[in-house]
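Chemist: Questions regarding the structure given below will be posed in turn.
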Amino acid sequence: MYSRAKYIDKIFEKIGFVVTYSCIFLLLILFVIILIKGIGRLNISFLTSLPSRFPEKAGILTPMFGTLWILILTTIFAFPLGVAAGIYLEEYMKKSRFTNIIEINISNLAGVPSIIYGLLGLEIFVRIFKFGPTILSGSLTLTLLILPIIIVATRESIRAVPQTIKDASYALGASKWQTIWFHVLPAAFGGILTGVILAISRAVGEAAPLIVVGALAYVPFIPSSPFDEFSVLPIQIFNWISRPQKEFIINASAAIVILLVITIMLNNIAIYFRNRWQKKLKF
């Protein structure tokens, strides 16, 4: 019986090895193909030029600034709300049937298609609050999109903190909030930050909810406030790919490379904080 179980473990180990490295290999091939197509347009002019109907003059300055605005505002809105909700659900809310329903729904919300959040943002922020198709509406919509991810990551990070840390704090006379603020949150911060960064990296690559909210495919100016109209890199890429000219496909490939670099950087930062957090917990 033991030898059979060991044999099955080896089979699953080999299957996991083959699947993992096959995915990595396919991603590398995809990245190399895109890089070969777009490397000719990766220059300073491409990064500092406004969009244009002439492919050789078109750049990504406007969608880059739009992506930056969305990234910053979404982080400002989502980080405190998600962490606060996670702390409340994990440390303060009493366990009951109602609590279980909330937990299940939050987990389910993390898997809802992003275009549904776009429709929700269109109705609430664009029409009811009358923010219009602006950066503010887009960032608030993406905040709704990533809040469940941040809440789940916050709760899991808090659960990973050893109970002995809390008990020691209570034994020294600290209140519940003092224990959470001075002991639990610092110990869980690496995991929380990892979840936030991964959620933000997902938001950076979203196009569907922003299109529904009213993001434009062509914006001839750099946005200077949250109430300006905007475009982002995924929408600009979609716009160029839909054009029949071959030169726009090259532009889209170059923009995809930049978007991939941003996403990979965010994921590497998340991995760094996760590893640092795990080392801290070991000691």
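Chemist: Using the count of nearby Cβ atoms within 10 Å as a rough guide to exposure, how do Phe79, Phe182 rank from fewest to most?
Modeler: So the residues, fewest neighbours to most, are Phe182, Phe79.
Chemist: Sticking with this structure for a sec: Pull out a ≥ b ≥ c, the square roots of the eigenvalues of the alpha-carbon gyration tensor of the chain, then state rounded if a/c is under 1.5, prolate if not and a/b is larger than b/c, and oblate in the remaining case.
Modeler: Verdict is oblate for the chain.
Chemist: If I build a Gaussian network model for the chain, linking alpha-carbon pairs within less than 10 angstrom, which residue out of Ile15, Ile24, Ile72 has the largest mean-square fluctuation?
Modeler: Ile15
Chemist: List the relative contact order of the chain as a percent without decimals, with contacts defined as Cα pairs under 8 Å and 6+ residues apart.
Modeler: Computed over the chain, the figure is 27 percent.
Chemist: With only Lys, Arg, Asp and Glu charged, each at its Cβ (+1 for the first two, -1 for the last two), find how big the charge dipole of segment 1-41 is about the Cα centre; round to the nearest 20 debye.
Modeler: Rounded to the nearest 20 debye, it is 60 debye.
Chemist: Would you list Thr134, Thr75, Thr154, Thr99 from fewest to most Cβ contacts within 10 Å?
Modeler: Thr99, Thr75, Thr134, Thr154
Chemist: If you average the C-alpha positions of segment 139-176 and of segment 191-206 separately, how far apart do those two centres end up, in angstrom?
Modeler: 16
Chemist: Would you mind ranking Glu156, Glu206, Glu123 so that the residue whose beta carbon has the fewest other beta carbons within 10 Å leads the list?
Modeler: Ascending Cβ contact count within 10 Å gives the list Glu123, Glu156, Glu206.
Chemist: Also, quick follow-up: Within the chain, how many Lys pairs that are eight or more residues apart, or on different chains, come under 27 Å at the alpha-carbon?
Modeler: The result is 15.
Chemist: May I ask which residue of Pro162, Ser225, Ser52 lies farthest towards the positive end of the charge dipole of the chain, with charges of +1 (Lys, Arg) and -1 (Asp, Glu) on Cβ and the Cα centre as origin?
Modeler: Comparing the listed Cα positions along the dipole, Pro162 ranks first.
Chemist: Under a Cβ-only charge scheme (Lys and Arg +1, Asp and Glu -1), can you give me the dipole magnitude of the chain about the Cα centre, in debye to the nearest 20?
Modeler: In total the dipole reaches around 740 debye.
Chemist: Ignoring trypsin sites (Lys or Arg not before Pro) that are buried or in helix or strand per DSSP, and keeping those with at most 10 other beta carbon atoms within 10 Å, what is the longest stretch of the chain between them?
Modeler: The segment 131-283 is the longest one with no such site.
Chemist: For n ≥ 4 DSSP H runs only, could you compute -39500 (n - 2.57) per run for the chain, divide by its residues and tell me the 222 nm figure to the nearest 500?
Modeler: Values: 12 runs with 200 residues, N = 283.
Result for the chain: -23500 deg cm²/dmol, rounded to the nearest 500.
Chemist: If you take the beta carbon distance between Asn275 and Ile33 as r and set R0 to 35 Å, what does 1/(1 + (r/R0)^6) give as a FRET efficiency, to the nearest 0.05?
Modeler: The formula returns an efficiency of 0.70 here.
Where a number appears in this text, it was derived from the coordinates with a stated rule and is not lab data. Just so we're clear, the structure is a prediction, and the values are computed from it rather than from any experiment. Every residue, glycine as well, gets a Cβ built from its backbone with ideal geometry; the counts of neighbours run over all protein chains shown.
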